[in-house]
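See below for the structure under consideration.
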Amino acid sequence: DKFHIKVRTLQIFGTADTALSVAAAKDSAAWVEDHRLELLEGVSHWVQEQDPEKVNSIMESFLEEK
């Protein structure tokens, strides 16, 4: 299917996002073959600004995985 993402994908999402729902973030997995969702509790839409250390840690871990 041309709409399925075939590359390994990391999604970092804040549970306090008022623009998008956690359910929508979870539903994204249906479109991605290798999907990893990391939920940041209490963080809103701008995860990289509100919790940069956690975001960087998650990204580093993801990039180090084989």
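The values are calculated or read from the model by the stated rules, or taken from the named source; none is laboratory data. Quick caveat: nothing in here was measured; it's all calculated off a predicted structure. Reconstructed Cβ throughout: ideal geometry from the backbone, glycine too, with neighbour counts over all protein chains shown. Ligands, DNA and RNA are stripped out before the accessible areas are found, and what is left, the full protein with its side chains, is counted by its heavy atoms. Shrake-Rupley method; radii C 1.70, N 1.55, O 1.52, S 1.80 Å.
How high is the relative contact order of the chain, in percent, counting Cα pairs under 8 Å that sit 6 or more residues apart?
37
If you bin every alpha carbon distance in the chain into 10 Å steps from zero, what whole percent lands in each bin?
21, 46, 30, 2
Give, in nm to one decimal, the length gained when the segment between Val22 and Glu49 is fully stretched (0.36 nm per residue of separation minus the Cα-Cα distance).
Using 0.36 nm per residue and subtracting the Cα-Cα distance, I get 7.9 nm.
Express the carbon and sulfur contribution to the solvent-accessible surface of the chain as a percent, rounded to the nearest whole number, probe 1.4 angstrom.
53
Per residue, how much accessible area does the chain have with a 1.4 Å probe, in Å²?
73
By per-residue mean of other Cβ atoms within 10 Å, what is the highest-first order of 38-45, 26-33?
Top to bottom by mean Cβ count within 10 Å: 38-45, 26-33.
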